[in-house]
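**Student:** My questions will all concern the structure given below.
The values are calculated or read from the model by the stated rules, or taken from the named source; none is laboratory data. In this text, all values refer to a predicted model and were calculated from it rather than measured experimentally. We place every Cβ from the backbone using ideal geometry, glycine too, and count neighbours over all the protein chains shown.
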Amino acid sequence: MMLAVIFGLASRQQPLLGWPVIGPYGGDAAWAMAAYAGSRLIYPARSIMMITVLSLATAFSVELSQLIRLEWLDEIRSTRIGALLLGRGFPWSDLPAYAVGTAVATMVDAIVRHRSWQRAA
């Protein structure tokens, strides 16, 4: 999770900010990866598919919540941590970035679990 956070924050800074795909979408993909890692920490025994669905639903829900304009919610989003956790605006392009981040996290989880299973056998 920490690697996803570090990458996400770095993607919003130079020189990564200027990269064609990483600059605009890297932070969103990293956010979804962190959501996956958080879901895995909370539910370690759940299947990979369940964690994938849960984390993607969380990411999409947070993104879609940006369409809701409530004063108290906008105040939270106006802070640095609020913007990092809840976002500020709703571009449709963030949804595929969340899907890619979730897919990458799912693949890493599957590889790690497969290797752990092989070592145990």
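**Student:** Pick from R69, R113: which is surrounded by fewer than 16 Cβ atoms within 10 Å (Cβ to Cβ), outside any helix (DSSP H, G or I) and charged (D, E, K, R)?
**Tutor:** Testing whether each residue is surrounded by fewer than 16 Cβ atoms within 10 Å (Cβ to Cβ), outside any helix (DSSP H, G or I) and charged (D, E, K, R) leaves just R69.
**Student:** Turning to a different aspect of this structure: Only residues that are outside any loop (DSSP other than H, G, I, E, B) and surrounded by fewer than 16 Cβ atoms within 10 Å (Cβ to Cβ): list them for region 36-47, please.
**Tutor:** L41, I42 - these are the residues of region 36-47 that are outside any loop (DSSP other than H, G, I, E, B) and surrounded by fewer than 16 Cβ atoms within 10 Å (Cβ to Cβ).
**Student:** Counting just the residues of region 72-82 that are surrounded by 10 or more Cβ atoms within 10 Å (Cβ to Cβ) and part of a helix (DSSP H, G or I), which one comes out nearest to the chain's Cα centre (by Cα)?
**Tutor:** Result: G82.
**Student:** Also, I was wondering about something else. For the subset of region 13-23 comprising residues that are surrounded by 14 or more Cβ atoms within 10 Å (Cβ to Cβ) and modelled with pLDDT under 60, which member is farthest from M107 (Cα to Cα)?
**Tutor:** Restricting to residues being surrounded by 14 or more Cβ atoms within 10 Å (Cβ to Cβ) and modelled with pLDDT under 60, the top hit is L17.
**Student:** Let me ask you something else. Quick test for you: out of L54, L64, L85, pick the one residue that is among the aliphatic types (A, V, I, L, M), modelled with pLDDT under 90 and either in contact with a Ser or Thr (Cβ under 8 Å, 6 or more places away or on another chain) or part of a helix (DSSP H, G or I) (or both).
**Tutor:** L85
**Student:** Is it the case, given these coordinates, that G26 is among the small types (G, A, S) and at pLDDT below 85?
**Tutor:** Yes; evaluated as a whole, the condition is true for this residue.
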